[in-house]
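The structure that follows is given in the form of structure tokens.
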Amino acid sequence: MGLCKCPKRRVTTLFCFEHRVNVCESCLVSAHPKCIVRSYLQWLQDSDYSPQCPLCQAPLGDRDTVRLLCYDVFHWPCLSGWARALPPRTAPAGHRCPQCGGALFPPPNLQGPVAEALRARLRTAAWARPGLGLPLVSDT
Ligand SMILES: [Zn+2]
Ligand SMILES: [Zn+2]
Ligand SMILES: [Zn+2]
Ligand SMILES: [Zn+2]
């Protein structure tokens with residue numbers, strides 16, 4: 001536990017392994033989009049980390065990224081390609097984080113900077129629209 005460094009000065013359990021600072025969800029999204037972030041407790045237990053995309057093993061800094069609700073980070077093209085390769089009838093609940101098995105789609109009532117950023121990103125992908133409860137074809 002600690003205070004984050006952004007103007008919100010939130011008490012947080014999250015810790016950026018790369019910059020070695022406490023982060024709240026707000027500064028996490030704005031200032032640490034590609035950083036490995038875990039709980040401070042995990043940092044104390046094991047400060048090892050690899051700033052790589054779990055799907056292609058290349059450095060996260062190389063490409064556009066997306067962070068899931070579990071805080072795992074992937075290259076967006078890698079995650080999108082992985083999701084498109086799932087069987088076409090995979091239910092939204094069948095979409096899980098390839099790294100930890102956590103839910104991929106934020107529940108509709110979930111607020112917070114990480115959920116909002118993830119939703120905004122998912123909205124751009126045709127495969128993700130059913131999972132977000134959006135119609136398959138956009139009105140435009
Ligand atoms: Zn903050
Ligand atoms: Zn960071
Ligand atoms: Zn990748
Ligand atoms: Zn995960």
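The values are calculated or read from the model by the stated rules, or taken from the named source; none is laboratory data. Because the structure is a prediction, the values reported are computed rather than measured. When we count neighbours, we look across all protein chains shown, and the Cβ atoms used for this are built from the backbone with ideal geometry, even at glycine. Quick note on the areas: whole protein, heavy atoms, side chains included, nothing else; ligands and nucleic acids left out. Shrake-Rupley method; radii C 1.70, N 1.55, O 1.52, S 1.80 Å.
How would Asp64, Asp72 rank on accessible area, largest to smallest, probe 1.4 Å?
Asp64, Asp72
Size of the dipole of the chain about the Cα centre, Lys and Arg at +1 and Asp and Glu at -1 on the beta carbon, nothing else charged, in debye to 20?
Around 260 debye, computed over the chain.
Please go through the range 1-81 and write out the chymotrypsin sites (Phe, Trp or Tyr not before Pro) that DSSP classes as loop and that have at most 15 other C-beta atoms within 10 Å.
Passing sites in the range 1-81 are Tyr49.
Would you be so kind as to identify which of Phe17, His32, Cys6 lies farthest towards the positive end of the dipole of the range 1-47, taking Lys and Arg as +1 and Asp and Glu as -1 on Cβ and the Cα centre as origin?
Value: Cys6.
For the range 1-81, state the average projected area of the convex hull of the C-alpha atoms over all orientations, rounded to one decimal in nm². Each step should come with its number before you reach the end.
Working: hull surface 20.3 nm².
Reported value for the Cα convex hull: 5.1 nm².
Continuing with the same structure: Among Gln99, Leu60, Pro135, flag the residue with its Cα farthest along the positive direction of the charge dipole of the chain, charges on Cβ as +1 for Lys/Arg and -1 for Asp/Glu.
Farthest towards the positive end: Pro135.
Could you rank Leu44, Leu104 by how accessible they are, 1.4 Å probe, largest area first?
So the residues, ranked largest to smallest area, are Leu44, Leu104.
Same structure again: Per DSSP helix of 4 or more residues, -39500 (n - 2.57); summed, then divided by the residues of the chain. What does that give at 222 nm, rounded to the nearest 500?
It lands at -6000 deg cm²/dmol.
While we're looking at this one, here's another question. Given an 8 Å cut-off on Cα distances and at least 6 residues of separation, report the relative contact order of the range 50-133 as a percent.
26 percent
Quick check for you: with a 1.4 Å probe and neighbouring chains kept, what is the accessible area per residue of the range 66-108, in Å²?
Per-residue value: 48 Å².
How big is the Cα convex hull of the range 1-47 in projection, averaged over all directions, in nm²?
Projected over every direction and averaged, the Cα hull of the range 1-47 covers 2.7 nm².
Here's a follow-up. Just reorder Lys8, Lys34 by solvent-accessible area, largest first, 1.4 Å probe, all chains present. Intermediate results must be reported in sequence, preceding the final value.
Numbers: Lys8 105, Lys34 70 Å².
Per-residue accessible area, sorted high to low, gives Lys8, Lys34.
Given points 7 Å out from each Cα along the Cα-Cβ axis, report the Lys5 to Ser30 separation in nanometres with one decimal.
Result for the modelled spin labels: 1.4 nm.
Beyond 21 Å, what share of the Cα-Cα pairs of the chain is found? Please give it as a whole percent. Numbers along the way, then the final one.
Working: 4299 of 9730 pairs.
Every Cα pair in the chain considered, those over 21 Å come to 44 percent.
Moving to a separate point now. Give the average over all directions of the projected area of the C-alpha convex hull of the range 50-133, one decimal, in nm².
5.2 nm²
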